[in-house]
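Chemist: My questions will all concern the structure given below.
The values are calculated or read from the model by the stated rules, or taken from the named source; none is laboratory data. Given the structure is predicted, the values throughout are model-derived calculations rather than measurements. We place every Cβ from the backbone using ideal geometry, glycine too, and count neighbours over all the protein chains shown.
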């Protein structure tokens, strides 16, 4: 179990012991001056990263840069998870489910609010489908529910069983293993399986098996509530949003293969799931989780504010 989840579980365990009337050292609390219950949801918030993601590198650079603290400042109980950086949605989803089961067991809460970014948005859908009793809500942020044009482009130009495919798989798997080691995990990697799952064909298969919240039309909204689980999504269509951000140029180049407005990796319409909160924030794919290092547009709502507003939305829904 990785550091961020252990830290959160430890804090939850301390709270449980305090509730039982036993003397323990107090857990660290988020600093708050006002609106200290603004994000205090009924159920814990669980954050699930995307492809090539992590919880925290060297304990210094968080994937959800500043988001965890921003949510905790308003009273939310937040858990940051980590799964294979590159693998199929089913493998990543099962890894996430294991952590959700731990969170439910330790906190004593019956359910969790799942929030997934990019591929993580598919992972949280998987968990909700296979263990709906554990999930109060599913929220996807910049996730390719109808497929990613970049994945289609790569698959069309990299034939199965070729040297190029093997080399790409080795390179990506090595990167995934390194990211895992730097963040304290050692999950299995399978980049080609992950790539295939993110293509239009791969998502068509996934959606046929797990249709909850998926829009029936190309750019519509899906069912807001399925099996008692609320579904939400949001995404951006910005590209070059901050001149100091080293990630912006790469996303701008990647965006050229997309036939629609996109965030550099996910198309606007493909990001729709359930209740679409907004699909055109001036944010690119990294900005959506306040990366790189918080270098986002000053002319758009800060990503941390968007997450806080959503936690308050969940709170208002009794979740």
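Chemist: Just to check your reading of the model, which residue among 300, 288, 260 is crowded, with 24+ Cβ neighbours inside 10 Å and either within 19 Å of residue 150 (Cβ to Cβ) or touching a helix residue (DSSP H, G or I) at 6+ places or on another chain (Cβ under 9 Å) (or both)?
Modeler: 288
Chemist: Please go through the stretch 191-213 and give me each residue that is surrounded by fewer than 22 Cβ atoms within 10 Å (Cβ to Cβ) and outside any helix (DSSP H, G or I), ordered by number.
Modeler: Those that are surrounded by fewer than 22 Cβ atoms within 10 Å (Cβ to Cβ) and outside any helix (DSSP H, G or I): 199, 210, 211, 212.
Chemist: For the stretch 155-184, give me the residue count where each residue is buried (at least 17 other Cβ atoms within 10 Å of the Cβ), modelled with pLDDT of 85 or more and in a helix (DSSP H, G or I).
Modeler: So the count comes out to 1.
Chemist: I'm trying to understand the selection: among the residues of the stretch 303-319, which are part of a loop (DSSP other than H, G, I, E, B) and in contact with a helix residue (DSSP H, G or I) (Cβ under 9 Å, 6 or more places away or on another chain)? Can you show your working first?
Modeler: Filtering the stretch 303-319 for residues part of a loop (DSSP other than H, G, I, E, B) gives 317-319.
319, the sole residue that qualifies.
Chemist: Restricting to the stretch 106-154, what's the tally of residues that are touching a helix residue (DSSP H, G or I) at 6+ places or on another chain (Cβ under 9 Å) and either in a helix (DSSP H, G or I) or modelled with pLDDT under 95 (or both)?
Modeler: 21
Chemist: Right, here's the next one. Just to be sure I understand, how many residues within the stretch 72-88 are surrounded by fewer than 24 Cβ atoms within 10 Å (Cβ to Cβ) and out of contact with any strand residue (DSSP E or B) (no Cβ under 9 Å at 6 or more places or on another chain)?
Modeler: Residues in the stretch 72-88 being surrounded by fewer than 24 Cβ atoms within 10 Å (Cβ to Cβ) and out of contact with any strand residue (DSSP E or B) (no Cβ under 9 Å at 6 or more places or on another chain): 4 in total.
Chemist: Against the condition over 24 Å from residue 309 (Cα atoms), touching a strand residue (DSSP E or B) at 6+ places or on another chain (Cβ under 7 Å) and crowded, with 19+ Cβ neighbours inside 10 Å, how does residue 235 come out, does it pass?
Modeler: It is false that residue 235 is over 24 Å from residue 309 (Cα atoms), touching a strand residue (DSSP E or B) at 6+ places or on another chain (Cβ under 7 Å) and crowded, with 19+ Cβ neighbours inside 10 Å.
Chemist: Now, a different point. Would it be correct to say that residue 247 is out of contact with any helix residue (DSSP H, G or I) (no Cβ under 8 Å at 6 or more places or on another chain) and touching a residue at least 40 places away in the same chain (Cβ under 8 Å)?
Modeler: yes
Chemist: Return only the number of the condition from (1) in contact (Cβ under 8 Å) with a residue 12 or more places away in the chain; (2) over 30 Å from residue 274 (Cβ atoms); (3) in contact with a helix residue (DSSP H, G or I) (Cβ under 6 Å, 6 or more places away or on another chain) that residue 182 does not satisfy.
Modeler: In the conditions (1) in contact (Cβ under 8 Å) with a residue 12 or more places away in the chain; (2) over 30 Å from residue 274 (Cβ atoms); (3) in contact with a helix residue (DSSP H, G or I) (Cβ under 6 Å, 6 or more places away or on another chain), residue 182 misses (3) alone.
Chemist: I'd like to verify a number: residues in the stretch 52-66 that are modelled with pLDDT of 90 or more, surrounded by fewer than 24 Cβ atoms within 10 Å (Cβ to Cβ) and in contact with a helix residue (DSSP H, G or I) (Cβ under 6 Å, 6 or more places away or on another chain), how many?
Modeler: 1
Chemist: Moving on. Which residue out of 10, 92, 42 is modelled with pLDDT of 95 or more and more than 18 Å from residue 315 (Cβ to Cβ)?
Modeler: Step by step, each of 10, 92, 42 is checked, and only 92 is modelled with pLDDT of 95 or more and more than 18 Å from residue 315 (Cβ to Cβ).
Chemist: Here's a check for you: in the stretch 109-154, which residue that is free of Cβ contacts under 8 Å to residues at least 40 places away in the same chain and crowded, with 17+ Cβ neighbours inside 10 Å is nearest to residue 210 (Cα to Cα)? It would help to see each step written out before you state the result.
Modeler: Taking the stretch 109-154 first, the residues free of Cβ contacts under 8 Å to residues at least 40 places away in the same chain are 127, 130-131, 133-134.
Next, from what is left, pick out any that are crowded, with 17+ Cβ neighbours inside 10 Å: 127, 134.
On the way: 127: 10, 134: 16 Å.
Here the answer is 127.
Chemist: Restricting attention to the stretch 247-259, does a residue exist that is over 30 Å from residue 169 (Cβ atoms), more than 20 Å from the chain's Cα centre (by Cα), modelled with pLDDT of 95 or more and in a loop (DSSP other than H, G, I, E, B)? Steps first, please.
Modeler: So in the stretch 247-259, the residues over 30 Å from residue 169 (Cβ atoms) come out as none.
Taking every residue of the stretch 247-259 in turn, none turns out to be over 30 Å from residue 169 (Cβ atoms), more than 20 Å from the chain's Cα centre (by Cα), modelled with pLDDT of 95 or more and in a loop (DSSP other than H, G, I, E, B).
Chemist: Could you list all residues from the stretch 260-283 that are out of contact with any strand residue (DSSP E or B) (no Cβ under 6 Å at 6 or more places or on another chain) and either in a strand (DSSP E or B) or modelled with pLDDT under 95 (or both)?
Modeler: Listed by number, the residues that qualify are 262, 267, 280.
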